[in-house]
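The values are calculated or read from the model by the stated rules, or taken from the named source; none is laboratory data. Small disclaimer: the values here were computed from a predicted structure and weren't measured. Positions of Cβ are generated from backbone atoms using ideal geometry, with glycine treated the same way; all protein chains shown enter the neighbour counts.
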Amino acid sequence: MNITKTVAASLLIILAATSSGVSQTKPYTMTGTVKNSAGQPVAGVEVFADNTLYYNMNALGKTDAKGRYTIPLPRQELGTWVPGAYVKREYHGVYYEFRLYADDESAFSASKGAVRNFVWRLSGRRGDSYIGSPVYVYTEEGVDLNKLEVTLTPSGPLVDGSAGKAITKRVPQGRVNDVPVGRYTMTARLLRDGAAPVPLLVSPGHGGQYGPSATTDFEKSYYGITMEFTVKLPPGQ
């Protein structure tokens, strides 16, 4: 065996891991990063290690400008710890709180420490539930939900600062599921067999001021974070 080459190769691996920003596990410490769905660091996120043996026993930390955090853990053997995080943001005058989940949610001992990274996801599935929020679409007389198509276009950055993408969906059940929280402009049209679609009039909420499009924000209520629009046929249709 060529010892010189083996040592050199091992050193290169260590240097590569260090330069790429890979965190090393440290005893009695939970460390890691928080990024948004675009891979940008998220500052000011409240990260915690929750003790599995004692109720409401947490070690707390907060991410810096580069999305990094370090949480010291007690040196007493107090069972194991699991990671978690919350991000709080004010967006267009509304305060939101989002639960974040680590890339590895397994429990760990304080003496071994752990690296736990988080991604602030605004949409997707977690188990049987959606991470994103629902947009409800109500109709006035003459609009068939089975032939209704809506387009939601982000009006500015989403709540996490990312750009977002337009969403076009058929809405036979009167809602669009799993929409990232942001401000949206909605347009709608009624699809017709063998004929051109009919552009519909749109109003934010449960009707009011109608136009070719409408822009609104998500709202918080007893039912969670939701957005609502109402659509109707234009005059003469």
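Some notes on this structure:
- Residue, nearest to the chain's Cα centre (by Cα), within the stretch 196-215, restricted to residues that are over 12 Å from residue 137 (Cβ atoms) and polar (S, T, N, Q): 215
- Residue within the stretch 188-202 that is in a strand (DSSP E or B), at pLDDT 95 or above and under 17 Å from residue 122 (Cα atoms) present: no
- Residue within the stretch 193-203 that is surrounded by 12 or more Cβ atoms within 10 Å (Cβ to Cβ) and more than 20 Å from residue 147 (Cα to Cα) present: no
- Filtering the stretch 50-95 to residues that are closer than 18 Å to residue 35 by Cβ and of a type in the set (Ser, Thr, Tyr) leaves 63, 69, 70, 86.
- Verdict on residue 99 being at pLDDT below 95 and closer than 28 Å to residue 179 by Cβ: yes
- Exactly one residue among 99, 126, 75 is basic (Lys, Arg), touching a residue at least 40 places away in the same chain (Cβ under 8 Å) and at negative phi, and that residue is 75.
- When the residues of the stretch 23-81 are filtered to those that are among the aromatic types (Phe, Trp, Tyr) and farther than 16 Å from residue 109 by Cα, the one that is farthest from the chain's Cα centre (by Cα) is 55.
- Test for residue 181: is it in contact with a helix residue (DSSP H, G or I) (Cβ under 9 Å, 6 or more places away or on another chain) and buried (at least 17 other Cβ atoms within 10 Å of the Cβ): no
- Residue within the stretch 129-140 that is closer than 25 Å to residue 26 by Cα and not polar (S, T, N, Q) present: no
Conditions (1) touching a Phe, Trp or Tyr at 6+ places or on another chain (Cβ under 6 Å); (2) part of a strand (DSSP E or B), marked per residue:
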residue	(1), (2)
71	no, yes
76	no, no
82	no, yes
85	yes, yes
90	no, yes
105	no, no
112	no, no
119	no, yes
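- A single member of 65, 43, 9, 49 is at pLDDT below 95 and either aliphatic (A, V, I, L, M) or closer than 16 Å to residue 89 by Cα (or both), and it is 9.
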